[in-house]
Amino acid sequence: MKTKPIKEAEFQKQIIQLGHLFGWRIAHFRPALTKRGWRTAVSGDGAGFPDLVLARDGFTIFAELKTDTGVVSIEQWAWLESLGGIHKNSHTIVAVWRPRDFAEIENILRTIGK
């Protein structure tokens, strides 16, 4: 039986729930429908900012979420590179997370800083 691919919004909801389960504070800036179309209220260089910022005990995660076949835009790559590129160091993780990475994501959220 073939499983239906998960949509990014549902994947994001799962990550937020999992993060809260493990004590992370999480920020996501979502767009709203305006007279001029979908807009996200942000100043400066907001286009492409990562989907989620998670923080706990001095540790920070910047996560761009994509479906298993989703493509990272030029603006999104620019932010990820500005944040230090895809990496893990002692206190910061910058990542592109996909549903196929769920077990690794769960491990990160459970163990980082503990």
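The values are calculated or read from the model by the stated rules, or taken from the named source; none is laboratory data. It should be emphasised that the depicted structure is a prediction, and the values quoted were computed from it without experimental measurement. No Cβ is skipped: glycine too gets one built from the backbone with ideal geometry, and neighbour counts run over all protein chains shown. Side chains are part of the model used for accessible areas, which takes the heavy atoms of the whole protein and leaves out ligands, DNA and RNA. Shrake-Rupley method; radii C 1.70, N 1.55, O 1.52, S 1.80 Å.
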**Item:** Gain in span if fully extended, SER90 to HIS20, counting 0.36 nm per residue against the direct Cα distance
**Value:** 23.1 nm
**Request:** Express the accessible area of the chain per residue in Å², computed with a 1.4 Å probe while the remaining protein chains stay in the model.
**Result:** 67
**Prompt:** In terms of the Cα gyration tensor, with a ≥ b ≥ c the square roots of its eigenvalues, is region 1-43 rounded because a/c is under 1.5, prolate because a/b exceeds b/c, or oblate?
**Reply:** oblate
**Message:** Taking all protein chains in place and a 1.4 Å probe, what share, in percent, of the accessible surface of the chain do carbon and sulfur account for?
**Reply:** 56
**Item:** ILE74 - accessible surface, heavy atoms, 1.4 Å probe, Å² rounded to 10
**Value:** 140
**Request:** With a ≥ b ≥ c taken as the square roots of the eigenvalues of the C-alpha gyration tensor of region 1-104, please select rounded if a/c is under 1.5 and otherwise prolate if a/b is larger than b/c or oblate if it is not?
**Result:** rounded
**Item:** Computed [θ] at 222 nm, helices only, for the chain once each DSSP H run of length n ≥ 4 contributes -39500 (n - 2.57)
**Value:** -9000 deg cm²/dmol
**Message:** If I model a spin label as a point 7 Å beyond the Cα along the Cα-Cβ vector, how far apart are those points for THR69 and SER82 in nm?
**Reply:** 3.1
